[in-house]
There are 2 protein chains.
Amino acid sequence: MSAITVSRALREPARVAEETRRAVLRAIARLGYVPDLVAGALASRRSRIVGAIVPTIAGAMFADTVQGMSDAVHAEGYQLLLGAHGYDLGAELALVQAFIGRRADGLIVTGVQHAPATRRILAASGLPVVETWDIGRRPLDMIVGFSNFRAARAMAEYLLARGYRRLAFISGPLRAHDRSRPRRDGFRAGARHAALVELHMTDGSDMRSGAKAIVELLARDPKVDAAFFVNDTMAAGALMECTRRGWPTPGRVAIAGFGDFEVAAAVAPALTTVRISGYEIGRRAALMLTARLAGKEVSHAIVDLGFEVVARDSA
Amino acid sequence: MSAITVSRALREPARVAEETRRAVLRAIARLGYVPDLVAGALASRRSRIVGAIVPTIAGAMFADTVQGMSDAVHAEGYQLLLGAHGYDLGAELALVQAFIGRRADGLIVTGVQHAPATRRILAASGLPVVETWDIGRRPLDMIVGFSNFRAARAMAEYLLARGYRRLAFISGPLRAHDRSRPRRDGFRAGARHAALVELHMTDGSDMRSGAKAIVELLARDPKVDAAFFVNDTMAAGALMECTRRGWPTPGRVAIAGFGDFEVAAAVAPALTTVRISGYEIGRRAALMLTARLAGKEVSHAIVDLGFEVVARDSA
DNA sequence: CACTCGAATGTTAGCGCTAACATACTTTTA
DNA sequence: TAAAAGTATGTTAGCGCTAACATTCGAGTG
C-alpha cells in the first residue's frame, strides 16, 4: 500500500475502495500515525488555517467574536490562528505578515482602518479577507458588521425622543482606528439639536473607568440628563457608581450603553443599550471565509448585521 | 547569493556579514518576499506554534487567560493556535490531535482531567505540555494554577468566621471535568461544621442563571444566610437580583463569588470573592512553555499561583 | 474477442525551506 | 611560514506530504 493511498483514504474516502479504506484506518489506529499537516500544507498549498486578528481578547467585546470564529472555523475543518494587536496598527501589520507567512488560507481582521502597508500586503497576497465590526464604503474584500455611526446616532435620537435634552458621550481613550470614533460621530450627528458634552477617559474603557467618568461628568456639568457610554462595560460601571452614591438612574441621570453585553440585562436598573452580536459577527465572518475557500460564490460580500436600540430601565 | 544565506540573514543575523545582511534585507523589501514558515517548519521540525485549548473563550473566566497566552507567546516570537472544546473531553482529544498534526511545538491545556486517549497521545508525542487552572498531584508535564479545592475551602472558612451558619454552594451544570467539582468539594470540606445546601443550575453559569439560582435557593431554604457561587458572573447576577427585589446583601443573604472578575469590585455592594488571575495563568503557562522550548531548564514545573479571599461588602 | 472505459492504485517529482556538511578565504598561532 | 582555527558562504539532500500523470485490471461494448 503506497503513501498516496493512505493520503487519499483520509482526504477523499470516496476515491478508495471500501476495504482499502478500512485497512488504512486500522493500520493508522494500530501505529498511532498522525498525519503531518505541515507537510500536507506545503505540498497542497492549502493550510486549512484561518488567521484572525482582534484588538484585544479580554473583555466582553471581542471574546464573543473570537468564540464565534472558533466555533465556525472548527466546524468547517479549519484551525484558528489568533492574534491581538492592542489597537496598534503596526502590530496589526506584523500579525498580517506572520499569518501570511504561515500560509493561512484566509484572514479575518477587525475594523476597516489599516496601515497602508497592511492594505498593500493583503492585496498582494491575494488571500480572501473579511473585515469585521464595521461597515465601510470600500471593503478590502468581504465585510461583516454594522454601522457604528448609525447605531450611535439611533441612540442619540432615542434619548432625545425620551425627552432628554443635555446629552453626554463618554468613551475610553479615542484611538485613531477603533470603533469609538464613528460612534462619537454618529452620536454627534443624532444630538445636533441638543446640548452635547464629550468626555474621553484616558485610562481605559472598563467598569472602573465608567464609574470615574460619571462622577467627573456630573461634577463638570451637573445639568447633563443622559449619558451614552461607548460600551456596556463602562455604562454598567457608571450605573453601579450611581447606585452606590444614591443617584437614581434615570432620575438623576439616564445611562445608556452599547453592545448589549450580558451585564446589560442583568444590572439593576437594567441597562438601555444598542444590541449587536459579537458572536454572530465572528461566526458569519468565519463562514463567509470558509465558503469562499470551498470555492462557493459568496454573493453577499457585504453583510450588515444591523443593530437594535434596546430600551430598558436606565434611560 | 544562495538561498541559505537569505535564510541565515533572517534567522541568525550574527552569522552573516553586516553588508550581506543589508543587501538581503534590501532585496526582500524590493521583492516583497515573505518567507514560507510552513516550509521552514517542515525542514527545521520546529513550527514556532503553541497550541492552546480552553473550555470556552467567551466569558470572563478564560478570555483573560487567552489574552495572557497570546501576549506572552507573541512576545517570544511564537504564534497561538487556539481551540475551545466546550467542556467535551472528546472535542479536547480532537483538538490535541489536530494541534499535534500541525506540529505545534508545545501545548497548553485547561484542567487536569483528560480522556485516557488524550493522555496517551500527549505522552507519545513527547511535546512539552502545560496544564492550567488547577494543581494536580501528577501533572502530565508542567502545570500552573492554584488549588480550587483549597480556595473554595478558604471561602467556606471565611464565611463561617464571619458568623454565617447556613451556607449554600451554587454552580452551573456540574460537568465531570470542570473546576466546579473541586470547588464544591473544597467548600464542603470547609463547611463540614455547618449546614450546607447545594444547588446546581442546569442552564448555564451566567448572570441570568445566578439570578434565578438565588431566588430558587431562598424559596427552597429561606434560612440560608450565605451563598457561595462558583464564579463571580453568577454571583453578580444573584446580587443584582437581590437589589432588584430589595433583599439587602448581606442583610437578607450574604453572597460570595469566585475569580475576582472585573465585575466583582464594580457592583454595589462590592462582591466578596476569591482572587485568582486568569491572565497570569495564561501568561505564565506560555512563558514556561517557551522557556522550555528555548532549551532552558524549567526548574519549577509546578507553579502554584495561589489565591486570596477578598473581603468586600457582600459577605 | 479486441477494445474502450472507468475504478483503484501506484510512480515521480517537487512544494520552499534548513541541517549538515563542504569549501574558500582570512587571521591567528607556534 | 606553515599549520590550525576561525569566518563567510555554498552545496546537497531531504523534511512528509500531494498534484499530476501513469499503470493495472475487470466490466461493459460493438
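Pick from region A:1-34 the residues that are part of a loop (DSSP other than H, G, I, E, B) and either closer than 28 Å to B:Ala123 by Cα or of a type in the set (A, V, I, L, M) (or both): which of them is farthest from the chain's Cα centre (by Cα)?
Within region A:1-34, the subset part of a loop (DSSP other than H, G, I, E, B) is A:1-2, A:12, A:16-17, A:32-34.
Subset that is either closer than 28 Å to B:Ala123 by Cα or of a type in the set (A, V, I, L, M) (or both): A:1, A:16-17, A:32-34.
Numbers: A:Met1: 48, A:Val16: 42, A:Ala17: 45, A:Gly32: 39, A:Tyr33: 38, A:Val34: 34 Å.
My answer is A:Met1.
Go through region A:37-56 and report how many residues are buried (at least 16 other Cβ atoms within 10 Å of the Cβ), within 14 Å of DNA strand C (Cβ to nearest atom) and either modelled with pLDDT under 95 or not polar (S, T, N, Q) (or both). Even if it seems obvious, please write down each step before you answer.
Filtering region A:37-56 for residues buried (at least 16 other Cβ atoms within 10 Å of the Cβ) gives A:37-38, A:40-42, A:47-56.
Going one step further and asking which of them are within 14 Å of DNA strand C (Cβ to nearest atom), we end up with A:37-38, A:40-42, A:47.
Next, from what is left, pick out any that are either modelled with pLDDT under 95 or not polar (S, T, N, Q) (or both): A:37-38, A:40-42.
The qualifying residues number 5.
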Exercise. State the number of residues belonging to region B:35-70 that are more than 7 Å from every other protein chain (Cβ to nearest Cβ) and either in a helix (DSSP H, G or I) or without any contact (Cβ under 8 Å) to a residue 24 or more places away in the chain (or both).
Key: 9
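Inside region B:121-205, counting only strands (runs of 3 or more DSSP E) that do not spill past its ends, which hold 3 or more residues that are in contact with a Lys or Arg (Cβ under 8 Å, 6 or more places away or on another chain) and more than 17 Å from B:Phe307 (Cα to Cα)? I'd like the intermediate steps shown before the answer.
Numbers: elements: B:129-132, B:142-145, B:166-171, B:195-200.
It comes to B:166-171, B:195-200.
Yes/no per residue for (1) modelled with pLDDT under 95; (2) surrounded by fewer than 24 Cβ atoms within 10 Å (Cβ to Cβ); (3) among the basic types (Lys, Arg):
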position	(1), (2), (3)
A:Val66	no, no, no
A:Met69	no, no, no
A:Ala75	no, yes, no
A:Leu81	no, no, no
A:Leu89	yes, yes, no
A:Val96	no, no, no
A:Gly101	no, yes, no
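Matching residues to (1) touching a residue at least 24 places away in the same chain (Cβ under 8 Å); (2) surrounded by fewer than 23 Cβ atoms within 10 Å (Cβ to Cβ); (3) away from chain B (no Cβ under 13 Å); (4) over 25 Å from A:Val215 (Cβ atoms):
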| site | (1), (2), (3), (4) |
| --- | --- |
| A:Pro250 | yes, yes, yes, no |
| A:Phe258 | yes, no, yes, no |
| A:Pro269 | yes, yes, no, no |
| A:Thr273 | yes, no, yes, no |
| A:Ser277 | yes, yes, no, yes |
| A:Arg283 | yes, yes, no, yes |
| A:Met288 | yes, no, yes, yes |
| A:Ala291 | no, yes, yes, yes |
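If only one of B:Glu157, B:Glu131 is of a type in the set (D, E, K, R), more than 14 Å from every other protein chain (Cβ to nearest Cβ) and under 14 Å from the mean Cα position of the chain (by Cα), which one is it?
Being of a type in the set (D, E, K, R), more than 14 Å from every other protein chain (Cβ to nearest Cβ) and under 14 Å from the mean Cα position of the chain (by Cα) holds for just one of B:Glu157, B:Glu131, which is B:Glu131.
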Practice problem: Please indicate, with yes or no, whether at least one residue in region A:17-31 is within 10 Å of DNA strand D (Cβ to nearest atom) and either exposed (fewer than 14 other Cβ atoms within 10 Å of the Cβ) or assigned by TED's automatic domain parsing to the domain that holds A:Arg102 (or both). | Solution: no
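Would you confirm whether any residue within region B:251-272 is over 25 Å from A:Phe261 (Cβ atoms) and assigned to a helix (DSSP H, G or I)? So that I can check it myself, show each step before the final result.
Here is the first cut: in region B:251-272, the residues over 25 Å from A:Phe261 (Cβ atoms) are B:251-254.
If we keep only those that are assigned to a helix (DSSP H, G or I) as well, we get none.
No - not one qualifying residue is present in region B:251-272.
The values are calculated or read from the model by the stated rules, or taken from the named source; none is laboratory data. Computed from a prediction, not measured in an experiment: that's the story for all the values here. So basically every Cβ, Gly included, is an ideal-geometry build from the backbone, and we count neighbours across all protein chains shown.
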